[in-house]
Amino acid sequence: MSYILDALRKAENEERKKVAPVPLEIFDRPKQKKISAFHGIGLIVIIITLNIIITGSFIYFKSPLFNDRAIDVSQISPESVLTGTALTETPLKINQNNITVNNKDDVLHPVQHGENTHTSKIRYIYSYKSEVIGVTDGCQIDIKHEDRIIKTVFADILCSEKRSIFGRVAKRFTTDRIFPKTVWIRVVEQRSSNSIVADVFTEDKQIFLNSSLVSEGLAGSVGKRFASEQLEAIKKHRGMWSAKIIN
C-alpha cells in the first residue's frame, strides 16, 4: 500500500513541476524595428539631394544650348529694339546648329566707338584711370583703384551667359581690348565701396566698350541708350543676331 502511495505522490510532484505555456507566447509576433534618428536624417538628406539634382538638370537642359525650336531674327521688330523691350519680350536663345565660329573675324567687326553722344548726356559720379586685373565676362571686369579691387559692371548693357557661345566670345572681345591694361572708368552708379556700374573706355578713349559690345552683337541694350547700335547689329546679323531667336 505504501508503495502505491509513494508512486502517486511522485506522479503528483512531477505534474506540479510542469509549466503550462503562456497563451500570448503561442500567438506572439516578432516586433517591428524602429527607425533610428540617424537613419531618418539620412533619408531626408537623400530626398533633398535628389530634388536638387532633378531641379538643376531641368534648368540646365532648358538653357539656350539645348533648345532647338527657333524663329527668324526678322520677327524682332525695330520698334521693340528702340523702346528697349527686345530683350525682355523676346529672350535670346542661341541654337548652336545654325552658327559656326571659326575665328575672331567670323563674329567681330572693326567697328570701334569712342566718346560720342551716348556719354554727353550722362551724369557721372566721378571718373578715373584704373588697371584691369580680371575679366569675369564680357560685361564685367575687376579693376584695381587706390589699392582696392572693385567689381565693375558695364552700364546699360547685358551679355549672354558666360557658358553660352556668344558669352565666351564677348569675354574674349573684352579681354583682347583691355586686359591687362589701363582703362578709363566713368562711374554711373556706386553700389558699394567695392562695386560700381560704369562706362568703360580704353586708355586712349578710342573704344567705348559698352557701345562696342552692343554694336558687335555681343551684348544687348538695356533700355534705349544703345538701341541704335543694337538695331544696326540686328540688321547686319552680327554676333548673337546672326543665329536664330526663340519665340
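Being modelled with pLDDT of 95 or more and assigned by TED's automatic domain parsing to the domain that holds Y126 is the requirement here; does K171 meet it? When the stated conditions are applied, K171 passes them. Among the residues making up the stretch 138-178, a single one is crowded, with 21+ Cβ neighbours inside 10 Å and of a type in the set (K, R): K171. Filtering the stretch 126-167 to residues that are among the β-branched types (V, I, T) and in contact with a strand residue (DSSP E or B) (Cβ under 9 Å, 6 or more places away or on another chain) leaves V132, I133, V135, T136, I141, I143, I149, I150, T152, V153, I157.
For G134, the test of being touching a Gly at 6+ places or on another chain (Cβ under 8 Å) and either assigned to a loop (DSSP other than H, G, I, E, B) or assigned by TED's automatic domain parsing to the domain that holds G220 (or both) is failed.
Candidates Q140, Q112: the one that is within 27 Å of G223 (Cα to Cα) and either outside the structural domain of A233 (by TED's automatic domain parsing) or modelled with pLDDT of 75 or more (or both) is Q140. Quick check on Q230: is it out of contact with any Phe, Trp or Tyr (no Cβ under 6 Å at 6 or more places or on another chain), assigned by TED's automatic domain parsing to the domain that holds S127 and surrounded by fewer than 17 Cβ atoms within 10 Å (Cβ to Cβ)? So Q230 fails the test. Residues in the stretch 140-187 that are of a type in the set (D, E) and closer than 18 Å to E229 by Cβ: D156 only.
The values are calculated or read from the model by the stated rules, or taken from the named source; none is laboratory data. Keep in mind that this is a model prediction, so the values were computed, not measured. Please note: Cβ atoms are built from the backbone with ideal geometry, for glycine as well, and neighbour counts cover all protein chains shown.
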